[in-house]
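What follows is a short report on a single structure.
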Amino acid sequence: MKTLKKYWKWLLVLALISVVCLANRRSLPEILREVGRTPPMIIGAACLLSAGYFLAEGAVIRYMAKRCQPGFTLREGVSCALYCAFYRVATLGSGSGVAEIYYLNTRGIEAGTAAGMSLVQYILHKTAVAVYGIAGFIILCSQGDAVVRSYRLQMVLGCILTVLITAVLIMAAAGKKITARFFRLLDKKLKPGSKAEQKAHTFQKQAELCQHEGGILLHDKKELFIVCLLDAVKLSCWYVIPWLLFAGTASLSLTDTMLLTALIQTLAAVIPCPSGIGAVEYVFSLFFGTYVSGVSAVSASLVYRFATFLFPCIPGAVLAWRHFRWNKKRRLERIHNKSTGSQQ
């Protein structure tokens, strides 16, 4: 039972992949051939755009970290972003936040401060995804896009759910009075010493850390503007990729492709799948499959997943290994220094 709990995400992903392969067993060879026919230059350009995403992400981390650690560089910020990308793949999303806190802590930032920074960064990222996606829905609907209009009920529901999730996250980061009342109410309702009460206290501490860091960021309007702008830039890097993949085959402009991809990412984000695996591919193939053939849409979704999810994992794995060796060496030096100090 414990083994199942530990690996449930991987089991779920394997189940999803199996279902998709069975459902597309007739067209699967053709999809793989289509992926193989994708020009290496296009795949390389998609990976470069993905690198642009992590460059902007590193700049966000650097801007937020330099307040506590003035010597924190852009290079360290990008390394942190790629380090987290590796753990996002290794743990299917659950370990990337912990990895960022650990990395920042090894760079001299206190764990509590690092946790608050990571939570604020996550909330700003989710807010940027929501705003970008809802803007895409409104603009494409106003242009009379037939595909968007045919699914507008599902999209409206998805946008409402996204707004609610974003509102809860923002409230946790900024609404001190509301969250304080909420947790006081929980304390009265929950049984003392229960697991539910322990989890509520954990969430309360996270909310307090988030509010502290969020309050500092909100007071610095210039820094907040720069971080929000960098979030928009990094998302745009990913949203350009489908335009490259469908160049010459789809009747979509660059702007429309980016807006549709933003909407796809927003809708996929509300589907409860580990790291969006399966959800992004499904929604991507569903919408772009109306502009190109179904085979082309599925093969493009696989290349898109590789560029945005697996490719960053490669340098991230190298950084994680180097970081592990550096940390191990540092621990051994501390042990050696302690032992020599006690002998003296």
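General remarks:
- Fully extending the segment from Leu254 to Arg325 would add 21.2 nm, taking 0.36 nm per residue of separation and subtracting the current Cα-Cα distance.
- At R0 = 22 Å, FRET efficiency that the Cβ-Cβ distance of Leu32 and Ser293 yields, to 0.05: 0.90
- Inter-part distance, segment 131-173 to segment 297-331, computed on C-alpha centroids, equals 31 Å.
- For segment 146-154, the Karplus equation 6.51 cos²θ - 1.76 cosθ + 1.60, evaluated at θ = phi - 60°, returns couplings of 5, 5, 5, 5, 5, 10, 5, 5, 4 Hz by residue, with Gly and Pro reported as x.
- Cα-based convex hull volume of segment 23-169 per residue, rounded to whole Å³: 177
- Modelled label positions at Lys205 and Leu153, each set 7 Å beyond Cα in the direction of Cβ, lie 4.6 nm from each other.
- Per-residue SASA remark: Cys273, around 40 Å² accessible (1.4 Å probe; ligands, DNA and RNA not included).
- Taking Cβ atoms as reference points and 14 Å as the exclusive limit, the residues near Leu310 contribute a net charge of +1, counting Lys and Arg as +1 and Asp and Glu as -1.
- Backbone phi angles across segment 106-113, fed through the Karplus curve with coefficients 6.51, -1.76 and 1.60 (θ = phi - 60°), yield HN-Hα couplings of 6, 9, x, 9, 4, 4, x, 5 Hz in residue order; Gly and Pro are listed as x.
- Taking all protein chains together and a 1.4 Å probe, the residues Leu259, Leu48 rank Leu48, Leu259 from largest to smallest accessible area.
- Across all Cα pairs in segment 97-174, the calculated P(r) in 5 Å bins from zero up to the longest distance comes to 3, 15, 18, 15, 13, 11, 9, 7, 5, 3, 1 percent per bin.
- Cβ-based net charge around Gly158, under 15 Å, with every Lys or Arg adding one and every Asp or Glu removing one: +3
- Full extension of the segment from His219 to Ala90, taken as 0.36 nm per residue of separation minus the current Cα-Cα distance, would add 42.8 nm.
- In Å², nearest 10: area of Val292 left accessible to a 1.4 Å probe: 20
- Spacing of the modelled spin labels on Val270 and Lys189, each 7 Å from Cα toward Cβ, amounts to 2.3 nm.
- Environment charge at Thr73 (Cβ cut-off 12 Å; Lys +1, Arg +1, Asp -1, Glu -1): +3
The values are calculated or read from the model by the stated rules, or taken from the named source; none is laboratory data. Given the structure is predicted, the values throughout are model-derived calculations rather than measurements. Reconstructed Cβ throughout: ideal geometry from the backbone, glycine too, with neighbour counts over all protein chains shown. Side chains are part of the model used for accessible areas, which takes the heavy atoms of the whole protein and leaves out ligands, DNA and RNA. Shrake-Rupley method; radii C 1.70, N 1.55, O 1.52, S 1.80 Å.
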